[in-house]
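Notes to accompany the following structure.
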Amino acid sequence: MKITVVGTGYVGLVTGTCLAETGNEVVCVDIDADKVNQMQSGTVPIYEPHLDVIFDRNIKAGRLTFTTSLDEGLAHGEIIFLALPTPEDEDGSADLRYVLGVSDEIGKKIKSYKVIVDKSTVPVGTAGKVQATIAKNAGCDFDVVSNPEFLREGFAVDDFLKPERIVVGSSSERATSLMKKLYSPFVRSGNPIIIMDEKSAELTKYAANSFLATKITFMNEIANYCEAVGADVDKVRIGMGSDSRIGKRFLFPGIGYGGSCFPKDVKALQKAGRDSNYEFKILDSVIEVNDEQKTILLPKIDKYFNGNLKGKTIAVWGLAFKPETDDIREAPSLYMMKGLLERGASLQVFDPEAMPNIRKRFGEKLQYATGMYEALESADALLICTEWSIFRTPNLEKVKQLLQQPVIFDGRNLYDTNDMQDAGFDYVSIGRKEIKV
């Protein structure tokens, strides 16, 4: 099949590359000429595990091409995916200017039947707005379909190639048939293609992300309460997670969620509810708790250093909002580092992938280490913000030698408290007893 993907961010590039992997001819369109040139030369502009391998393979096979020309993309594709940004607006709503702007151009340019697919995360009713926008100028038949993505950064390629489910919102049998044909290679093991109306499909994505954000936030509140009463959140988590009605995933406490989806999507659903005179009281609390959770270690660091961080150097391991990505959007590390800098501390930071993006944000306010141990040299403490695998089993003796004093503030509960006590560290984590040696 001939496919066009408009927008080459995380969602668009993974979508285009993975669709090419099953033999489709895919053209990806982006207005950023430098980015398009970079991709045409075989360079992946984002970090996503395994993407580079299939990206290179499909470019060489001629199934994956890139252009800045929307006209070229529309002439090529029978199915047109819109994978455009829907950033958070000032009032918390999703900003649809890019989606509707491209839709307006599509209406002026299409010459034959197309299926226009909303792949971006969009509020309920967006498919209708896209339909109306295109219809103003379209001189041919077309259908608009909602097909939300459920890709986890760091696992996006696997999630696309082996989806748990595919949701298609469509009221057109013609469009539905084409979407089923397109996705049939991805569901051969029996995972479902779920067909529903467009509004329900749009809400499914927001509801799923908001529920997961709620689950994380509830566990963070349990962790904070554990500290107040002397319970151990790790034991509580295991006890809860073994109940099949609850499940083991998304029960790990920490310094809050971040990224491109959860913060934006929770706020967008909250705002959409208010626009319909409905108050999502749970989401109000989720947002409030998560905002506080991102800096919950700051008072503990203050207390440890007797309220005086001036002249102190803090090493920071992990800057991305989660491991296996270079994405720093709404990362808890941003809020922790901002608070530490405001207190007069110096920061020596390391992340396997996110350093260039952090440098764009902080410039020379930070010292950028080339390795995890270099970041520790002469530091007064270590702060862990992201649970990259390389941080899970460090050489603790080396860590102790490099630090001025053996203290770790662990925002992701990477280490066993008894092990840290035996190793001679002062150790502060989330929802567990503090270790003081």
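The values are calculated or read from the model by the stated rules, or taken from the named source; none is laboratory data. Just so it is clear, the model here is predicted, and its values are computed rather than measured. Cβ placement follows ideal geometry from the backbone for every residue including glycine, while neighbour counts extend to all protein chains displayed. Heads up: the accessible areas ignore ligands, DNA and RNA and are worked out on the full protein's heavy atoms, side chains in. Shrake-Rupley method; radii C 1.70, N 1.55, O 1.52, S 1.80 Å.
Things worth noting here:
- What the chain shows is 44 Å² of accessible area per residue, with the surface traced by a 1.4 Å probe over protein heavy atoms.
- Angstrom value of the Kirkwood radius, inverse mean 1/r, which spans all Cα pairs in segment 318-389: 12.2 Å
- Note on segment 328-437: Cα convex hull, mean projected area over all directions, 6.8 nm².
- Cα Rg, Dmax (largest Cα-Cα span) when computed across segment 127-233, Å: 19.3, 68
- Under the Karplus curve 6.51 cos²θ - 1.76 cosθ + 1.60, θ = phi - 60°, whole-Hz ³J(HN,Hα) for segment 149-165, x wherever Gly or Pro sits: 8, 10, 9, 8, 4, x, 9, 5, 5, 4, 4, 6, 6, 10, x, 5, 7
- Each part gets one Cα centre, and for segment 214-287 versus segment 321-400 those centres are 25 Å apart.
- Per-selection metrics, the chain (Cα): Rg and Dmax in Å: 23.6, 75
- Using alpha carbons only, the radius of gyration of segment 175-226 set against its Kirkwood radius gives Rg/Rh = 1.23.
- Per-bin percent of Cα-Cα distances, segment 172-315 [10 Å]: 9, 26, 28, 22, 10, 4, 1
- Rg/Rh ratio calculated on Cα atoms of segment 50-89 (Kirkwood radius): 1.07
- Of every Cα-Cα pair in segment 240-329, the percent that sits beyond 20 Å: 57 percent
- Its Kirkwood hydrodynamic radius, worked out from the mean inverse distance over all distinct Cα pairs, puts segment 1-113 at 14.4 Å.
- Heavy-atom accessible surface of Ser177, to the nearest 10 Å², is about 70 Å², with a 1.4 Å probe and all protein chains retained.
- Within segment 329-437, percent of DSSP bridges classed antiparallel, to nearest 5: 10 percent
- Taking Val144, Val44, Val29 in turn, the Gaussian network model of the chain (Cα-Cα springs below 10 Å) assigns the largest fluctuation to Val44.
- In whole percents, the pair-distance distribution calculated for segment 47-144 from its alpha-carbon pairs, binned every 5 Å from zero, is 3, 12, 20, 20, 17, 13, 11, 5, 1, 0.
- Distant-in-sequence amide H partners of Glu324 (H built 1.01 Å from N, under 5 Å): none
- Cut-off 16 Å (backbone N to label point 7 Å along Cα→Cβ of Gln401), residues of segment 367-381: 372-379
- Legend: residue pairs Lys60/Lys119; Lys35/Lys162; Lys2/Lys129; Lys129/Lys162; Lys294/Lys322, Cα-Cα distance threshold 21 Å; pairs beyond threshold, Lys60/Lys119; Lys35/Lys162; Lys2/Lys129; Lys129/Lys162.
- Estimated 222 nm signal from helices in the chain, with DSSP H stretches of n ≥ 4 weighted -39500 (n - 2.57), rounded to 500: -12500 deg cm²/dmol
- Per atom type, the chain shows carbon and sulfur on 49% of its accessible surface, probed at 1.4 Å.
- Bridge type composition, the chain - antiparallel percent by DSSP, nearest 5: 5 percent
- Largest to smallest in accessible area, the residues Arg359, Arg343 fall in the order Arg359, Arg343 (1.4 Å probe, all protein chains included).
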